[in-house]
Structure formats: C-alpha cells, structure tokens
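The values are calculated or read from the model by the stated rules, or taken from the named source; none is laboratory data. None of the values given here were measured: they were computed from a predicted structure. As a convention, Cβ positions derive from the backbone with ideal geometry for all residues, glycine included, and neighbour counts pool all protein chains shown.
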Amino acid sequence: MGFLKSVPLLPHVFDSLLKLWVFVSKSYLLDWFDEIEEEVLTWEGTSTSIHKYGGLQFNCKGKEIGHLHGNGLLDVLFTREIKQRLLNKGRIQPHHVFEKSGWISFYIKNYHDKAYAKELLQAAYQRVTQATN
C-alpha cells in the first residue's frame with residue numbers, strides 16, 4: 001500500500017477526506033488545529049506549507065519540524081534519544097510509518113492533547129533553533 005503515496009495528489013485527497021470526516025464528526029478539532037497553527041506561526045522563523053503526504057507542515061528556518069494530518073494525527077521530528085524519552089512517558093507512539101526513526105506520532109483527541117501537541121512542536125522548534133545557533 002505504500003506505493004499509493006506516490007500517486008499524484010492522492011495523499012492530499014485522502015487527507016482532505018479525513019478533514020471532512022472530522023468536520024462532520026468532531027468539528028471542534030478543526031478549531032484546535034487552527035489554534036495550534038496560529039501559535040506555531042508566532043514563533044520566530046516558522047512557516048507552514050502543505051506536507052507532501054497530506055496535511056499541514058510546520059517549518060522552522062526552512063526545515064520541517066512536524067506536520068498535522070486532517071484527522072488530528074501529529075507527526076513530529078526529534079532525535080531518537082528524545083523520542084525514546086517521550087515513549088517512556090507513554091503519551092506518544094512511534095511514527096506510523098517510520099518507526100525506527102526519530103519521528104513520533106501523537107493523536108489529538110481531547111483538550112489536554114491540544115496543549116501537549118503544542119508542547120511537542122515547541123520542543124522540536126527549540127531543538128532546531130538551538131542547533132542552528
């Protein structure tokens with residue numbers, strides 16, 4: 001099934017369908033996604049773009065720090081060491097595709113998850129900004 005992501009625009013169509021499902025079933029999540037985006041964009045050197053496999057990509061100084069899929073799945077890039085520490089805390093999962101990398105996955109399902117998603121993105125942001133200073 002991995003070959004499907006190479007079909008032009010298919011990941012974006014799929015992500016749009018996920019977002020439509022969220023709109024119908026849990027529309028409050030869309031407001032939370034907007035809040036997360038707005039906060040990240042207040043951090044110096046950040047921008048957003050469309051992720052190549054669908055969703056909203058968060059960038060810091062031109063490097064991806066994470067992306068948010070239309071169903072509330074947040075993927076964030078850390079080092080493997082940081083990932084292991086986060087896994088030990090029990091709130092995140094290994095990335096849904098790249099399990100052996102530093103990528104983590106976190107589902108935003110409730111109000112507390114929204115705050116934790118911001119914390120994860122802030123930690124990734126700080127890692128990138130400290131590495132470039």
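Odds and ends about this structure:
- Of all residues in the stretch 94-133, those being within 14 Å of Glu35 (Cβ to Cβ) and basic (Lys, Arg) number 2.
- Residue, surrounded by the fewest Cβ atoms within 10 Å (Cβ to Cβ), within the stretch 29-44, restricted to residues that are closer than 21 Å to Thr132 by Cα and in contact with a helix residue (DSSP H, G or I) (Cβ under 7 Å, 6 or more places away or on another chain): Trp43
- Elements of type helices (runs of 4 or more DSSP H) in the stretch 1-111, at least 1 residues being among the β-branched types (Val, Ile, Thr) and touching a residue at least 60 places away in the same chain (Cβ under 8 Å): 28-40
- Under the condition of being at pLDDT below 95 and over 24 Å from His112 (Cα atoms), the residues counted in the stretch 46-63 number 9.
- Selected residue [of a type in the set (D, E, K, R) and farther than 26 Å from Val13 by Cα] from Lys100, Lys114: Lys100
Rundown of residues vs (1) surrounded by fewer than 21 Cβ atoms within 10 Å (Cβ to Cβ); (2) more than 20 Å from His12 (Cα to Cα); (3) of a type in the set (S, T, N, Q), yes/no style:
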residue	(1), (2), (3)
Ser47	yes, no, yes
Ile50	yes, no, no
Glu81	yes, yes, no
Thr129	yes, yes, yes
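- Of residues in the stretch 2-28 being modelled with pLDDT under 75 and of a type in the set (A, V, I, L, M), the one surrounded by the most Cβ atoms within 10 Å (Cβ to Cβ): Leu10
- Gly62, sole failed condition from (1) surrounded by fewer than 18 Cβ atoms within 10 Å (Cβ to Cβ); (2) of a type in the set (Gly, Ala, Ser); (3) within 20 Å of His12 (Cα to Cα): (3)
- Among residues that are surrounded by 13 or more Cβ atoms within 10 Å (Cβ to Cβ), modelled with pLDDT of 95 or more and out of contact with any strand residue (DSSP E or B) (no Cβ under 7 Å at 6 or more places or on another chain), Lys118 is included.
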